[in-house]
Every structure is written in structure tokens, then in C-alpha cells.
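Colleague: One structure coming up, written as C-alpha cells, with questions to follow.
The values are calculated or read from the model by the stated rules, or taken from the named source; none is laboratory data. Please read these numbers as outputs of a predicted model, since none were measured by experiment. Using ideal geometry, Cβ is built from the backbone for each residue, glycine included, and neighbour counts are taken over all protein chains shown. Accessible surface is based on the protein model in full, side chains and every heavy atom, while ligands, DNA and RNA are left aside. Shrake-Rupley method; radii C 1.70, N 1.55, O 1.52, S 1.80 Å.
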Amino acid sequence: MKLKEHKTAMYCAALMIILSAWVILFAGALSAFTLIRTAMLIILSYIAMVIDIKTKQIPNVLIIIMITGWLLLITPMLFIDTEHGIKFLVDSIYGLLLGGGLFLLVYLLSRKGLGGGDVKFMSAAGLYLGFSGTIPAILFGTIIAALTGLVLILLKKINRKDSIPLAPFLFIGIIITVFLSSG
């Protein structure tokens, strides 16, 4: 097995472990809608993480897939359970505006110190997380990223002007938020 294939297998195994742990712990207590929504978020965020690690970019096509998946999820809900669907729709839009707005503000104020893909990714993730899940995911992810960056600087692995991909840390923040909110 080539090194590239080995890394891909490791990434897939890690994703399956995370998803399996989440399903085993919380599947009985969650609705089918929540299970599907959260599984989609975990899988798509994981893909964003892997791509960001490899390329330091999050492709627009992944953001389009995230939004399309969310639309395919919300549309039947609006017909089947309109009241719950509208509440979820409004909460999702607040999550999108909150995640995207905060990251856009940082992007503009930091003179593009944050990548545009991170802004779009957190906007799309906000659709899945909703208003109450977006802030914790951002806080967990950015605090872990800042601490990691600080350790790497202190160990002289990077300097202050080097960039590190943010999606892996946002993925960790999303996972922590999902596990804490599912319990």
C-alpha cells in the first residue's frame, strides 16, 4: 500500500470511529432527522478538514455540496412537519448568519488572515449547527487552533507569520459541540 493510500485509509478509519462512537452513544435518544443532519455535518466537515490539511483551501464545490445537502434535508421536513421545519429553518439561517458573519468580520479585520474558504465553510456549517451550536463550535475550534499555534511557535516549528489550516480545528470544535449537545 502506498503512503497516500495509507493516509486515506487512516482518514476513513478515523471518520468511521467518530461516527460509530456518536451513533452508539446517542442514536437511541435522537430523531432520524437529527441523526441524518449530524452525520452529514460530520462527514462533510471531515472532508473539509482533510482537504484543508492537504491544500490549505476549502473548495467551493464542497460548500455547494453542504448547502445542497442541507436543502435536501430541510425541504421534506417543511412538508412533513411544517411547524418544526420552519423553526429549524429559522434557527439554521441564524446559524449561517452568525458563523458566516463572525468569520467574515475576522476575515475583513485581519486583512485576510483568515481564509475565505473558512468563512464559507463556517457559514455552511452554521446551517447544520443552528444558532445555539455555532458559537460553541467556533469557540472550541478557534481556542484549540490558537493553543496549537502557540505551542508550534514556542517549539519553533512555525513562526508568527506562518499559517495553519483552520478546518481541522473547526472540525474538532464541531465534534465537541455535537457530542455535548447530543448528551
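Colleague: On the given criteria, is residue 140 over 21 Å from residue 23 (Cα atoms) and open to solvent by less than 10 Å² (accessible area, probe 1.4 Å)?
Modeller: Values: over 21 Å from residue 23 (Cα atoms): yes; open to solvent by less than 10 Å² (accessible area, probe 1.4 Å): no.
Judged against the criteria, residue 140 is not a match.
Colleague: Give 55, 75, 68 a once-over and let me know the one that is over 30 Å from residue 17 (Cβ atoms) and free of Cβ contacts under 8 Å to residues at least 40 places away in the same chain. Lay out the reasoning, then the answer.
Modeller: Numbers: 55 fails: over 30 Å from residue 17 (Cβ atoms); 68 fails: over 30 Å from residue 17 (Cβ atoms).
Only one candidate passes the filter, namely 75.
Colleague: Next question, about the same structure. Could you tell me which residue of the range 91-124 is surrounded by the most Cβ atoms within 10 Å (Cβ to Cβ), considering only residues that are aromatic (Phe, Trp, Tyr) and under 30 Å from residue 78 (Cβ atoms)? Spell out how you get there, then give the answer.
Modeller: Quick first cut of the range 91-124, residues aromatic (Phe, Trp, Tyr) only: 94, 103, 107, 121.
Retained after the next criterion (residues that are under 30 Å from residue 78 (Cβ atoms)): 94, 103, 121.
Values: 94: 16, 103: 24, 121: 28.
Residue satisfying both the conditions and the ranking: 121.
Colleague: If you go through the range 124-136 one residue at a time, how many are closer than 17 Å to residue 169 by Cβ and out of contact with any Ser or Thr (no Cβ under 7 Å at 6 or more places or on another chain)? Steps first, please.
Modeller: Restricting attention to the range 124-136, the residues satisfying the condition of being closer than 17 Å to residue 169 by Cβ are 124-126, 129, 133-136.
Now restrict to residues that are out of contact with any Ser or Thr (no Cβ under 7 Å at 6 or more places or on another chain): 124, 134-135.
Final tally of qualifying residues: 3.
Colleague: Go through the residues of the range 21-36 one by one and say whether even a single one is under 14 Å from residue 128 (Cα atoms), modelled with pLDDT of 90 or more, assigned to a helix (DSSP H, G or I) and not hydrophobic (A, V, I, L, M, F, W, C). Let's see the steps before the verdict.
Modeller: Of all residues in the range 21-36, those under 14 Å from residue 128 (Cα atoms) come to 33-36.
Then keep just the ones that are modelled with pLDDT of 90 or more; that gives none.
The answer is no; no qualifying residue exists.
Colleague: Identify the single condition in (1) open to solvent by 20 Å² or more (accessible area, probe 1.4 Å); (2) at pLDDT 95 or above that residue 127 does not satisfy, given that it satisfies every other one.
Modeller: So residue 127 meets the others, but not (1).
Colleague: I'd like to check something: does the range 151-165 contain any residue that is of a type in the set (Asp, Glu), under 18 Å from residue 35 (Cα atoms) and either free of Cβ contacts under 8 Å to residues at least 24 places away in the same chain or open to solvent by less than 70 Å² (accessible area, probe 1.4 Å) (or both)? It would help to see each step written out before you state the result.
Modeller: Filtering the range 151-165 down to residues of a type in the set (Asp, Glu) leaves 162.
The next check asks that each one be under 18 Å from residue 35 (Cα atoms); those that pass are none.
Within the range 151-165, none of the residues are of a type in the set (Asp, Glu), under 18 Å from residue 35 (Cα atoms) and either free of Cβ contacts under 8 Å to residues at least 24 places away in the same chain or open to solvent by less than 70 Å² (accessible area, probe 1.4 Å) (or both).
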